[in-house]
Amino acid sequence: MIYLKTQEEIELLRESSLLVSKTLAELAKIIRPGITTAKLDEVAEEFIRDNGATPAFKGYGGFPASICTSVNDQIVHGIPSDKVVLKEGDMISVDCGTFKNGFVGDSAYTFAVGEVDPEVERLMLTTKESLFIGIGQAVEGKRVGDIGYAIQSYCEERGFSVVREMVGHGVGHKMHEDPQVPNYGRRGTGSMLRDGMVICIEPMICQGKKDLVFERDGWTTRTRDGKCAAHYEHAVAIHKGKADILSDFGIIEEVLRKQSH
Ligand code: MG
Ligand code: MG
């Protein structure tokens with residue numbers, strides 16, 4: 001069942017979503033060659049708790065950490081580890097969730113570690129652009145399939161492929177609510193988008209083929225062909241007919257801009 005939110009509830013979801021963005025911005029400050037993904041997890045958890053929230057991922061379905069860290073050919077749900085040391089030229093997708101005032105924030109961003117291969121940079125940029133192309137469809141009267149169609153065609157036209165096994169979702173008191181929001185699909189199909197719906201749109205896009213394998217930890221997904229995958233996620237409310245993005249990449253990108261100077 002799709003649970004429509006009041007304006008008050010959307011503001012609480014915004015607060016939780018912005019805390020995720022701020023947490024990702026804290027990580028942007030320290031992502032560099034030599035840091036472990038366990039350290040990123042430690043910093044994220046401390047920041048979330050210092051801000052009066054709890055990490056929504058920790059313990060969710062038994063997940064052992066506060067963030068998912070997926071490096072290079074890992075697609076999503078990578079487990080932070082002191083054995084994973086980032087190196088120059090890596091890319092890392094960080095997915096983060098918070099639970100604050102009874103509402104879940106959920107957003108993800110893919111970072112370059114130092115300088116990445118131009119094709120990897122194109123993958124990252126296309127994935128992020130496809131997220132906003134999808135958000136452009138998140139208006140009242142359109143359907144969930146319109147979002148998926150827009151993301152899929154944008155990425156496939158550029159030579160990339162779309163993961164099928166994992167999808168976006170409604171978000172609210174719970175991290176995963178109805179409806180499911182696939183990053184692929186057909187126009188004019190699926191649930192109708194209505195005012196008060198809050199959904200996470202999260203393209204997971206592969207440089208090569210879309211087929212994935214699970215690692216032995218039971219969580220981490222990896223591309224079967226070993227090529228890179230990127231992941232960006234925004235929480236979006238449909239408000240007064242239009243898309244209202246609750247998380248904010250601007251906070252993260254301000255940190256990244258300062259670093260590049
Ligand atoms: Mg997420
Ligand atoms: Mg999500």
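The values are calculated or read from the model by the stated rules, or taken from the named source; none is laboratory data. Here the structure is a predicted model, which is why all the values come from computation and not from measurement. Neighbour counts run over all protein chains shown; Cβ positions are idealised from the backbone, glycine included. The protein model used for the area step is the full one, side chains on, heavy atoms only, and it has no ligands, DNA or RNA in it. Shrake-Rupley method; radii C 1.70, N 1.55, O 1.52, S 1.80 Å.
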Scattering profile of the stretch 41-119 from the Debye formula, Cα beads only, expressed as log10 I(q)/I(0) at q = 0.17 Å⁻¹, is -0.68
Under 27 Å between alpha carbons - lysine pairs in the stretch 124-261 that sit 8 or more apart or on different chains: 16
Please state, as a whole number in µm²/s, the translational diffusion coefficient that the Stokes-Einstein equation yields for the chain at 4 °C and 1.567 mPa s, with Rh defined as the Kirkwood radius across alpha carbon pairs. 72
Please give the net charge around M204, taking every other residue with its beta carbon less than 11 angstrom from that of M204, where Lys and Arg add +1 and Asp and Glu add -1. -2
Highest GNM mean-square fluctuation among V94, V76, V116, for the chain with Cα springs under 10 Å, belongs to V116
Determine, at each q value in 0.30 (inverse angstroms), the log₁₀ of I(q)/I(0) that the Debye formula gives when each Cα of the stretch 113-161 is one equal point scatterer. -1.06
Note: T54 to E11 extended length (0.36 nm per residue) minus current alpha-carbon separation gives 13.7 nm
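Work out, in µm²/s and without decimals, the Stokes-Einstein translational diffusion coefficient of the stretch 1-149 at 4 °C, 1.567 mPa s, Rh from Kirkwood over C-alpha pairs. Don't jump to the answer; show the numbers that get you there.
Details: Rh = 16.5 Å.
Roughly 79 µm²/s, to the nearest whole number.
Tally Lys/Arg at +1 and Asp/Glu at -1 over every other residue whose Cβ is under 15 Å from the Cβ of I238; what's the total?
Numbers: positive: K5, R14, K142, R143, R194, K240, K242; negative: E9, E11, E140, D146, E177, D178, D195, D244.
Result for the local shell: -1.
Tell me the per residue accessible area of the stretch 7-260 using a 1.4 Å probe; a whole number in Å² is fine. Write out the running numbers ahead of the final one.
Values: 10600 Å² over 254 residues.
Accessible area per residue, the stretch 7-260: 42 Å².
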In whole percent, the fraction of accessible protein surface over the chain that belongs to carbon or sulfur atoms, probe radius 1.4 Å, stands at 50
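Counting pairs of alpha carbon atoms under 8 Å apart in space and at least six apart in sequence, what relative contact order in percent does the chain give?
Working: 687 pairs, mean separation 61.4, N = 261.
Computed value for the chain: 24 percent relative contact order.
What is the sum of charges around A38, taking Lys and Arg as +1, Asp and Glu as -1, for the other residues whose C-beta is under 9 Å from the C-beta of A38?
Summing Lys/Arg as +1 and Asp/Glu as -1 gives -1.
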Which of G114, G61, G136 fluctuates most in a GNM of the chain (C-alpha springs under 10 Å)? That residue is G61
Can you tell which of D211, D146, D248 shows the greatest fluctuation in a Gaussian network model of the chain with Cα springs below 10 Å? D211
Whole Å is fine, so just give me how far the alpha carbon centre of the stretch 226-261 lies from that of the stretch 185-221. 16
Once every DSSP H run of n ≥ 4 in the chain is given -39500 (n - 2.57) and the sum is divided by its residues, what mean residue ellipticity at 222 nm do you get, rounded to the nearest 500 deg cm²/dmol? -10500 deg cm²/dmol
Distance from the Cα centre of the stretch 75-138 to that of the stretch 156-174, in angstrom? 13
